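Novice: Input: one structure, supplied below.
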Amino acid sequence: MPAPTPTTATPRPLEVTDLLVRVEDGRRVPVRRTDVVDELRSRGQARAARLAARLPVRADDVLDERAVDALLVRIHCELQRLEEELQQPRRIAELLLPWVVRWRAQDPRRPVRVVDVGCGIGYVVRWLAHSGVLGPDVELVGADLNPVLVEAARRLARADRAACRFVAGDAFAPGGVVDDPERTVVLSVGLLHHLAPEDLPAFFAAQATLGVAVFTHLDPDPDPWSTAAAWMFHRARMREPVSRHDGVMSFRRAHPGPVLLDAARQGAPGYDVTVTDGRRLRPRIHAALRPVTGVRRGL
């Protein structure tokens, strides 16, 4: 009997927006549309490649950066609609409030800080600030690597008169926004699935190195129910074709609970970590994104 022919693992699928902005040494560099299309085709993503092929370009097949930035802002506005429908800021407030109350009782003069990593246009931070549900002594900060999204978040915060701030850059950089880790909670919504499985431990390790008190990251809970619901919702509610594609792909390529649990325990061994998966029977739509939470031991 002949030996089996070795097979190459299928590349992990990408979202179109994963390929539209590239930064090297802290500077944005041009992206060729042909490279984006070829990368998606090489992964067997024909529909995504067709969407990318329609993106506007400048000379030499380089994506028009202004058009790309405008597209990203529109997509994040549509993501805000999803967060509104799923009441994500309210869910996050329920997760954060017990810690805020506890720390306030221990030392009411020392502020608590909440940092939203990969905040996009900052809906969660702005909602928390505008609602005042956590109290006036909580510092609310959003951080994102994309300065265009951060500027949009700042404009919306000014319009809302929301007491929060937004920073363009790495939230985990030493001397950055986490300057009092013992009273800091780090959160994200819809960020983890953008990371490759091999990069997840380093993501959690960065928070452990800073010594943050708590982290909680909400990401899609991958199962046939949530993927089907995502398809129906995005078809009904999203206008941008890229939003429709990437929104469903977010659920299709999300990491299973055991993968996240192992990565968090590996990267942050000094934390008690839990992954709260949703119910498989009679699932609840607002639980389509489930939290991965870590609490520093001895807290």
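Novice: Just for segment 84-111: of the residues that are of a type in the set (Asp, Glu) and assigned to a helix (DSSP H, G or I), which one is modelled with the highest pLDDT? Quick ask: steps written out before the conclusion?
Specialist: Let us first name the residues in segment 84-111 that are of a type in the set (Asp, Glu), namely 84-85, 94, 107.
If we keep only those that are assigned to a helix (DSSP H, G or I) too, we end up with 84-85, 94.
Numbers: 84: 85, 85: 81, 94: 92.
Across segment 84-111, the extreme among qualifying residues is 94.
Novice: Next question, about the same structure. Looking only at segment 259-272, count how many residues are within 22 Å of residue 229 (Cβ to Cβ) and either small (Gly, Ala, Ser) or free of Cβ contacts under 8 Å to residues at least 12 places away in the same chain (or both).
Specialist: 0
Novice: If we keep just the residues of segment 19-74 that are under 19 Å from residue 244 (Cβ atoms) and charged (D, E, K, R), which is surrounded by the fewest Cβ atoms within 10 Å (Cβ to Cβ)?
Specialist: Only one residue fits best here, namely 54.
Novice: Return yes when residue 182 is out of contact with any Pro (no Cβ under 9 Å at 6 or more places or on another chain), closer than 28 Å to residue 68 by Cα and surrounded by fewer than 18 Cβ atoms within 10 Å (Cβ to Cβ) and no when it is not.
Specialist: no
Novice: Might you let me know whether segment 141-162 holds any residue that is under 22 Å from residue 28 (Cβ atoms) and of a type in the set (Val, Ile, Thr)?
Specialist: Yes, segment 141-162 contains a residue that is under 22 Å from residue 28 (Cβ atoms) and of a type in the set (Val, Ile, Thr).
Novice: Now a separate question. What is the residue count in segment 33-54 for residues that are of a type outside the set (A, V, I, L, M), under 17 Å from residue 72 (Cα atoms) and touching a helix residue (DSSP H, G or I) at 6+ places or on another chain (Cβ under 7 Å)?
Specialist: So the answer is 1.
The values are calculated or read from the model by the stated rules, or taken from the named source; none is laboratory data. Since the model is a prediction, treat every value here as computed from it, not as a measurement. Here the Cβ is made from the backbone with ideal geometry for all residues, glycine too, and neighbour counts use every protein chain on show.
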